[in-house]
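These notes concern the structure reproduced below.
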Amino acid sequence: MKILNKILYSFLAIVLLTSCGDKSQNKSEENSVAQTEEIRMKKPDELGMNADSLAGKVQEQAIDAVESLNDQIVAEASEALGQVYVALDALEAKDTKGALVALEKSTGKLNILLARKPDLALVPIEVSVKTVDLVTDLETIRNIKRAARQALKEDYFQVLRDELAKLASELQVTKVELPLATFPEAMKSAAVLIDKGKTDEAKVVLYTAINTLVISEERIPLPILRAQALIAQAITDDASNEDKKKEVLALLDNAEYQLIMAEELGYGDRDREYKELNKTIKELKKSVKDDGDSQALFEKFKTKLADFKKRIAS
């Protein structure tokens, strides 16, 4: 059973155990809506690279992001949590000795962690990833927004929820962390209660400890990952001949389109940096068209885009 499912179960268990105007303003709002409904860029006719290759590069970035988080997982903390569930199963079976052995193992692993990393407040114990992909264009996004606004206006909140759910194109990375400062003490308290024969109170302590696990979600926009992959491909292409130059320009067009899509989907809340990024893409296009030395500009943009993705994802 996955940790997240166990956390949900523990929440239910602890509950059971403890229960033993103005016209000018309207016009301004209408203008704002009109601006957000504007289709800011036509979808480029050519991608500039193989579509399957682009999908593969985006997948590689997704795998790298997950693996970097997996590297942070602390096995001892995960094992310590596992022993808590062993203790709870033992208590359900009226096996107090088995429960105490499991809690002793859990506490031992946590004490080792505390000795190694006394300043560490939260310890990652699980990472899971879900992909929600919206393969669409800016015109379709505009139509979804219109439908959502109409549903809100007419108080069709369930329709609104369905429409808003469509406005997602992202990797959803969920991380579960154990609070190292409080968890070991909870294990000790539960053990004392078991020694006194207060097994129900011990269960409450253990379930409460489980419910202190911190669950956080990071959303990595897929359009930004695609823009990164397109830029990476553009950097490797030699635009010294006309055919390659067309490919590079097509890649830059598509990168610009993906960034606009990310903004229209609401990632970064129309962050002002979108404007700067798209301005840089236009500078890159001009440099490529004029046969300029674009490498430094490409590298600068690549770094800026990576920093931007990291900031809005977190």
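Roughly how many debye, to the nearest 20, is the charge dipole of the stretch 217-314 about its Cα centre, given +1 on each Lys and Arg Cβ, -1 on each Asp and Glu Cβ, and no other charges?
Charge dipole, the stretch 217-314, about its Cα centre: 220 debye, nearest 20.
Read phi for every residue in the stretch 283-299 and hand back ³J(HN,Hα) as whole Hz from Karplus 6.51 cos²θ - 1.76 cosθ + 1.60, θ = phi - 60°, with x for Gly and Pro.
Couplings: 5, 5, 4, 4, 4, 5, 4, 8, 6, x, 7, 9, 4, 5, 5, 4, 5 Hz.
Please give the calculated 222 nm ellipticity per residue for the chain, where each DSSP H segment of at least 4 residues contributes -39500 (n - 2.57) and the sum is spread over every residue; nearest 500 deg cm²/dmol?
The helix-only estimate for the chain comes to -23000 deg cm²/dmol at 222 nm.
If amide H atoms are built 1.01 Å from N in the plane of the peptide, which residues on other chains or at least 5 residues away come under 5 Å of the amide H of Glu126?
Val176
Can you compute 3J(HN,Hα) from phi for each residue in the stretch 175-184, using the Karplus curve 6.51 cos²θ - 1.76 cosθ + 1.60 with θ = phi - 60°, rounded to whole Hz and x for Gly and Pro?
Each residue of the stretch 175-184 in turn: 10, 10, 10, 9, x, 6, 6, 10, 4, x Hz.
Among residues other than Arg116 whose Cβ falls under 15 Å from its Cβ, what is the net charge (Lys/Arg +1, Asp/Glu -1)?
Net local charge, Arg116 excluded: -1.
Note the full-extension length gain between Lys245 and Asp133 as 0.36 nm times their separation in residues minus their Cα-Cα distance, in nm to one decimal.
Contour length minus the Cα-Cα distance gives 37.3 nm.
Using unit Cβ charges (K, R positive; D, E negative) and no other charged atoms, how large, in debye to the nearest 20, is the dipole of the chain about its Cα centre?
With Lys and Arg at +1 and Asp and Glu at -1, about 660 debye.
Which whole-number percent of Cα pairs in the chain have a distance greater than 34 Å?
45 percent
Of the trypsin sites (Lys or Arg not before Pro) in the stretch 48-112, which ones lie in a loop per DSSP and count no more than 13 other C-beta atoms within 10 Å?
Filter output for the stretch 48-112: Lys94.
Among Pro221, Leu251, Asn241, flag the residue with its Cα farthest along the positive direction of the charge dipole of the stretch 221-312, charges on Cβ as +1 for Lys/Arg and -1 for Asp/Glu.
Pro221
Please work out the Kirkwood hydrodynamic radius for the stretch 54-94, using every pair of different C-alpha atoms, and report it in angstroms with one decimal place.
Evaluated on the stretch 54-94, it is 12.8 Å.
Averaging over all projection directions, find the projected area of the Cα convex hull of the stretch 221-312 and quote it in nm² with one decimal place.
5.0 nm²
Computed from the coordinates by the stated procedures, all read-outs in this text should not be read as laboratory data. All figures in this text were calculated on a predicted structure; none of them were measured in a lab. Note that each Cβ is placed from the backbone with ideal geometry, even for glycine, and that neighbours are counted across all protein chains shown.
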